[in-house]
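Structure, as structure tokens:
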Amino acid sequence: NDAGNIAECTADNVFVVRHGQIFTPPISAGALPGITRSVVFEIGAQLGIKVLETNLTRHDIFVADECFLTGTAAEIIPVVKADGRIIGSGKPGSITARIIARFREMTRESGVPIFAER
């Protein structure tokens, strides 16, 4: 954004995991007010993981334990490298995996059926 902070990633929201907490830029910094983004806050509460809005810089992504993107089409995607730098272990992390698993459960439980019965 204009202040030099991370806002979003083209059409996806950015989340970083650091010390067991999840951080994402606020809407006021340019984050997208998406449904999937909102669901991550809900999932975090369900799993006992704090999800906090804060300004993020590129450095925050580089030193993150984990990173993931959210979007309507993308759903939730782990990020293991940014600008050629490995994030965390270079593999999707355990908190990201838990968020993805719960998201998939929720979409199966309450999602709209794709095919209607005839």
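Data for the structure
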{"quantity": "In nm, spacing of pseudo-spin labels at K91 and R58 (7 Å Cα→C-beta vector)", "calculated": "2.9"}
{"quantity": "Simple label model, 7 Å out from Cα along Cβ direction - E109 to A73, nm", "calculated": "2.9"}
{"quantity": "Relative counts (whole %) of C-alpha pair distances in the chain, using bins that are 5 Å wide", "calculated": "2, 12, 22, 24, 20, 10, 5, 3, 2, 1, 0"}
{"quantity": "Nearest 10 degrees, 0 to 90: helix 94-110 Cα axis against the chain principal axis", "calculated": "30"}
{"quantity": "Residue exposure sequence - R37, R58 - by fewest surrounding Cβ within 10 Å", "calculated": "R58, R37"}
{"quantity": "Sum of side-chain charges, I76 neighbourhood, beta-carbon under 11 Å (Lys, Arg +1; Asp, Glu -1)", "calculated": "+2"}
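Laboratory data are not the source of any read-out in this text; all were calculated from the coordinates shown. If you're wondering where the values come from, they're calculated on a predicted model, not measured in any experiment. Positions of Cβ are backbone-derived with ideal geometry, glycine not excepted, and every protein chain shown enters the neighbour counts.
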